[in-house]
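The values are calculated or read from the model by the stated rules, or taken from the named source; none is laboratory data. This structure is a prediction, so every number in the text was calculated from the model and none was measured. Note that we place each Cβ from the backbone using ideal geometry, even for glycine, and neighbour counts take in every protein chain shown. In case anyone asks, the SASA skips ligands and DNA or RNA and just uses the protein heavy atoms, side chains included. Shrake-Rupley method; radii C 1.70, N 1.55, O 1.52, S 1.80 Å.
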Amino acid sequence: MFGSAATVAVFALLMPLSACGSSQVGSGGDTLRLVAAEYGDSANNSSKDFWDKVTADFTTANPGIKVEVQLLPWADIDREVSRMVKDGKAPDMALMGSYSDFAAQGKLYSAEELLSITAEANFLAPLAEAGSVGNTLYGLPFVASSRLLFYNETLFKQAGITEAPKTWSALETAAKALKAKGVKYPYALPLGPEEAHAEALIWELSNGGGYADSSGNYSLASDQNIQTFAWLKEHLVGPGLTGPTPPSRLNRADAFAAFLRGEVGMVNGYPSLSHEARAKGISLKAVSMPVADSLGAGETPPTVGVADWMMAFKQNGNKQQIGKFLDFVYQDRNLSDFAGRYHLLPSTVTASRTPAGGGLDAIDTDFLTALRGAQLYPVNDPSWVAVSDNLKRNIGRAVEPNGNPKAVLEDIAAKATAESKKH
């Protein structure tokens, strides 16, 4: 997901950067521009099919308003949209992984300015909170995912493990049993630069920590977080329970690929992984992340939630037309259709209750339940893009043989403080 709810796209799918500038609606034309991330990973499941249908249906229902969609890879879209805005050629809308920097610059319409009251109130609460700066919703959540612990039932049975681990010590015991049976990655710990910030947050939350304190300020080097990485280093990485690839070099995509080859006993994953695994005949279960043994009985930390954000730019002055299009896109049938195509979760209460598209199976429903109480990244902080990049590149050093968890986390925290002061 590379910091988003979607998969990384194949470049051949993508529409080239348009040479045109601003939208034409406000100047007497009839075309809105949407720049969106490509969610597909092959020509067979490109997002183009969805947007072609939705925009055609919208224009039929709203004669005189057309919508032009430009698809960009996840690796490029943040940079390219930022360039467009800086050059005075902002699109009317963008669907991508971050929004708060534009909100901080006063570039975005608020949800209140665009959507009906019913539509604005329909977003799932954790997503609406993450999409808000202050009490104003600027990042409209589109699709989302949460994270659960996957385990390979066949490997568990072969290792004599009879139940899912509920605590860190039980996870360690299971990993030792898997290793004894020759499992290549008893627990896959992807702390490589692709998505280390997700894996790190999963573990931190399960020990009562996290990225921010109750006031919303960064708490990256909290005692709980330092204890978390010290435990990982001592109990999983040091004893060789995380496989042959050092966690700092193991990316999420590589961990998932190994799981799909039957080489991984346990890994944190999201809904699409369960569908891919079952298609390959792998029997799996998805359960809540085990918690630190030091947590009180009955404590249930939140899982990690990830969302992608739709935003609307003020630059072209097309508020009314944009509002009409977004109200249309966020109809249950459209939102759940998109989510179903990519085994993601719709962002609204009503779409998650009445999924169209591919529908929700039992595991999807577990993910949706987890999402309702999830904690998202602090995406509403304008410094998060830089902070998350630093996390992704450096957090894995905390569990290296010569790594010092306290020193690594304090260095990351110091850089986060410096970034915060810039905004």
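Kindly flag which residue pairs out of Lys314/Lys415; Lys176/Lys280; Lys48/Lys107; Lys66/Lys314; Lys184/Lys285 have an alpha-carbon separation exceeding 23 Å in this structure. It would help to have the intermediate numbers written out before the result.
Working: Lys314/Lys415 32 Å; Lys176/Lys280 26 Å; Lys48/Lys107 27 Å; Lys66/Lys314 18 Å; Lys184/Lys285 19 Å.
Over 23 Å apart, Cα to Cα: Lys314/Lys415; Lys176/Lys280; Lys48/Lys107.
Averaging the sequence gap over all C-alpha pairs within less than 8 Å and six or more residues apart, then dividing by the number of residues, gives the range 202-308 a relative contact order of 33 percent. For the range 250-338, the per residue solvent-accessible surface stands at 36 Å², with DNA, RNA and ligands left out and a 1.4 Å probe.
The angle separating the long axis of helix 405-422 from the principal Cα axis of greatest extent in the chain is about 20 degrees.
Within the chain, DSSP assigns beta bridges of which about 60% are antiparallel (rounded to the nearest 5). Rounded to 0.05, the FRET efficiency of the Arg333 and Lys406 pair, given R0 = 41 Å and the Cβ-Cβ distance, is 0.20. Can you tell me the orientation of helix 332-341 relative to the chain, as the angle in degrees between its alpha-carbon axis and the longest Cα principal axis, to the nearest 10? That helix lies at roughly 50 degrees to the long axis. Modelled spin labels at Thr136 and Thr300, positioned 7 Å past Cα toward Cβ, are 3.6 nm from each other. Of Leu149, Ala188, Phe58, which is farthest on the positive side of the dipole of the chain, counting Cα position, with +1 on Lys and Arg Cβ, -1 on Asp and Glu Cβ, and the Cα centre as origin? After comparing all options, I get Ala188. Relative to the dominant Cα principal axis of the chain, helix 168-180 is inclined by about 70°.
Count charges around Asn135 for me, please; just the other residues with Cβ under 11 Å from its Cβ, Lys/Arg as +1, Asp/Glu as -1. Write out the running numbers ahead of the final one.
Details: positive: none; negative: Glu112, Glu129.
Taking every Cβ under 11 Å from that of Asn135, the sum is -2.
For the range 28-155, the solvent-accessible area of protein heavy atoms averages 37 Å² per residue (probe radius 1.4 Å; ligands and nucleic acids excluded). Only one item in (1) 21.6, 71; (2) 20.3, 63; (3) 22.8, 75 matches Rg and Dmax of the Cα atoms in Å derived from the coordinates shown, and that item is (1). With each label modelled as a point 7 angstrom along the Cα→C-beta vector, the Thr118-Lys422 pair spans 4.4 nm. Derived scalar couplings between HN and Hα for the range 119-132 equal 5, 5, 7, 8, 6, 4, 4, x, 6, 4, 5, 5, x, 10 Hz in order, rounded to whole Hz, by the Karplus curve 6.51 cos²θ - 1.76 cosθ + 1.60 (θ = phi - 60°), x for Gly and Pro. Between the alpha-carbon centres of the range 136-177 and the range 80-94 there is a gap of 39 Å. If you add up the charges near Gln315, with Lys and Arg at +1 and Asp and Glu at -1, over every other residue whose beta carbon is less than 12 angstrom from its beta carbon, what do you get? Surrounding charge for Gln315 is +4.
Of all aspartates and glutamates in the structure, the ones whose alpha carbon falls short of 19 Å from that of Lys157, not counting any fewer than 8 places away in one chain, are Glu172, Glu263.
Using 0.36 nm per residue, how much length does the chain from Ala43 to Lys319 gain when fully extended, once their Cα-Cα distance is taken away? Please report the intermediate quantities before stating the final value.
Working: separation 276, 0.36 × 276 = 99.36 nm, distance 3.33 nm.
Result: 96.0 nm gained on full extension.
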